[in-house]
Amino acid sequence: MSHGEAHVGSNGVPEVQLGVLILKVPRYMREYYPDQFTPIEWRLGLHNPETTSAVEDLKTSIQEAFGLANEATWNDFCDDVVDHNYYVSLLRSYGLDHPPTPFNEVEVKSSLLLDALVLILRLAQPSRDDLGGRPRHIFDPAVWSILDKPLVRLRLRAMPLDIFLVENQMPLALLKKAVKKLIHFPMSASAPVDGPSMEIAILHRMLLTAINLVWPFTGGSEHKQFVEYFRSTYPKETLAVKLGNCAHILDCVYRVLCGPRSISNQAYVEDIVNIQCATNLKAAGIKIKAVDGPLDNLSFQHRCLSVPAITITDMTEALFRNLAVHEDMNLEKSFCEFSSYLHFMKNLISGPEDVKLLIKCDVVVNFLGNEADVCKAWNRLTRGLWFEGQSQSIRQIAEGINQHCKSRISSIHRLKTEFYEKFCSRPWYVISIFAATIVTLGTCIQTYVAVIGSDRMAPHSPPPPS
């Protein structure tokens, strides 16, 4: 199924027609690691309507901070953002024909828009160089004062993983509609702002913050390198074109992680080409080096395998599993870049020694534990996932690696590596062989001197005639 096409709205900003369903994770995928698909605290959307009283109280506080505490004002806000036709589309986007029990239309609208306000507050916190200072309407001081409460900050910090769960997604089109309405909401008597440009600026900030929370590829302190990359690759001027047709935030993360080249040039090959592990590739003369993300920077040229450097934390496994499930469930068959990357890395990481080598090459930054933990985590990632094919770009890389491993140069490098490992990497082993050789030579010389070189073994001349 496809994402649906974007069309230009009345404000000149492309709007998204909902086409991708936010589905429940199938049982055969969930049964292995159900906790990786279950929200920890923040339950967003319609698949997980149950929530705790503390979270509900916080949502009410955020509603008050936005100036929407009055019941009539809130109902008008909900009706303006979500009319009946759009409400029906929202239900269909979650794969529902009717509201989840025991909710009705009014309660569904209210629940979704409260979740939207939470996401906007969490993701749209601006820095002065991003939005030129805080805008006067949606970022009213009354809104930001709620962040001064320690309990609010603590609960909002617990959101990162919950935001990126497959079942916990919110349609990006709904977030854009809510932002558009909040921009023009009369929270203060300040001068009006340019609606379309402010909407794009806020959307840009939200996506930048969201992806920065889970950007797995290393680069620079405090992710400055990622911020520069995102601003140059997805500037505000073209954001609506490049990411405007995304279904939700997890879909945006997927596209940015895969990279613009891999997303625009999707090619699918049914059979899968495997490669040898990292230590074997090194023995075959292949140099492994780290490069910056995204995934489309993965390449193999001139016996050098360039792999995006990745930071592995306790959140990486759940994030990658949800991205893989999103790719498998919601995207067209030709979109297999991420699952191909997982399979490629699984080939590279066959054991702890491979992890140790990748850490030495700066390809892996390990915050998970020892090398064995990383190896187990990566092998678990592919459990329950069905690999039907491989992206053409990664297949070409795998074929190039295998072709090199079969070459004569590779055999020579293996012999050199074997000789180095046996003799040069073990100094005491070499010293013992050298000592044994000296003893043997000494024994031979001693035998020669004692037996062959003695007078008794010398030829005797005949006695002189008398």
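The values are calculated or read from the model by the stated rules, or taken from the named source; none is laboratory data. Worth saying up front: this structure is predicted, and the values here are computed from it rather than measured. Virtual Cβ from ideal backbone geometry, glycine too; neighbours counted across all protein chains shown.
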Scan of region 281-300 for residues that are more than 23 Å from the chain's Cα centre (by Cα) and in contact (Cβ under 8 Å) with a residue 60 or more places away in the chain, ordered by number: 281, 282, 283, 284, 285, 286
Selection status of residue 29, more than 19 Å from residue 157 (Cα to Cα), in a helix (DSSP H, G or I) and at pLDDT below 90: yes
Test: residue in region 402-409 that is within 20 Å of residue 363 (Cα to Cα) and at pLDDT 75 or above: no
Enumerated helices (runs of 4 or more DSSP H) restricted to region 324-384, each holding at least 1 residues that are without any contact (Cβ under 8 Å) to a residue 24 or more places away in the chain: 352-360, 371-381
Residues (exposed (fewer than 13 other Cβ atoms within 10 Å of the Cβ) and farther than 21 Å from residue 39 by Cα) located in region 93-120: 97, 98, 104
Matching residues, region 63-102, being among the hydrophobic types (A, V, I, L, M, F, W, C) and within 35 Å of the chain's Cα centre (by Cα): 65, 66, 78, 81, 82, 88, 90, 91, 96
Every residue from region 319-330 that is buried (at least 21 other Cβ atoms within 10 Å of the Cβ) and of a type in the set (A, V, I, L, M): 319, 323, 324, 325
Selection count, region 244-265, where residues are more than 17 Å from the chain's Cα centre (by Cα) and buried (at least 21 other Cβ atoms within 10 Å of the Cβ): 2
Number of positions in region 297-315 that are surrounded by fewer than 21 Cβ atoms within 10 Å (Cβ to Cβ), of a type outside the set (A, V, I, L, M, F, W, C) and under 30 Å from residue 37 (Cβ atoms): 4
Matching option when the condition is within 27 Å of residue 313 (Cα to Cα), in a helix (DSSP H, G or I) and either in contact with a strand residue (DSSP E or B) (Cβ under 8 Å, 6 or more places away or on another chain) or modelled with pLDDT under 90 (or both), among 255, 155: 155
Restricting region 38-61 to residues that are among the aliphatic types (A, V, I, L, M) and modelled with pLDDT of 85 or more, the residue that is surrounded by the fewest Cβ atoms within 10 Å (Cβ to Cβ): 46
Positions within region 385-408 being assigned to a helix (DSSP H, G or I) and among the charged types (D, E, K, R), in sequence order: 395, 399, 408
Only listed residue being within 30 Å of residue 63 (Cα to Cα), modelled with pLDDT of 85 or more and not assigned by TED's automatic domain parsing to the domain that holds residue 296, chosen from 242, 181: 181
Residue 416 being at pLDDT 75 or above and basic (Lys, Arg): no
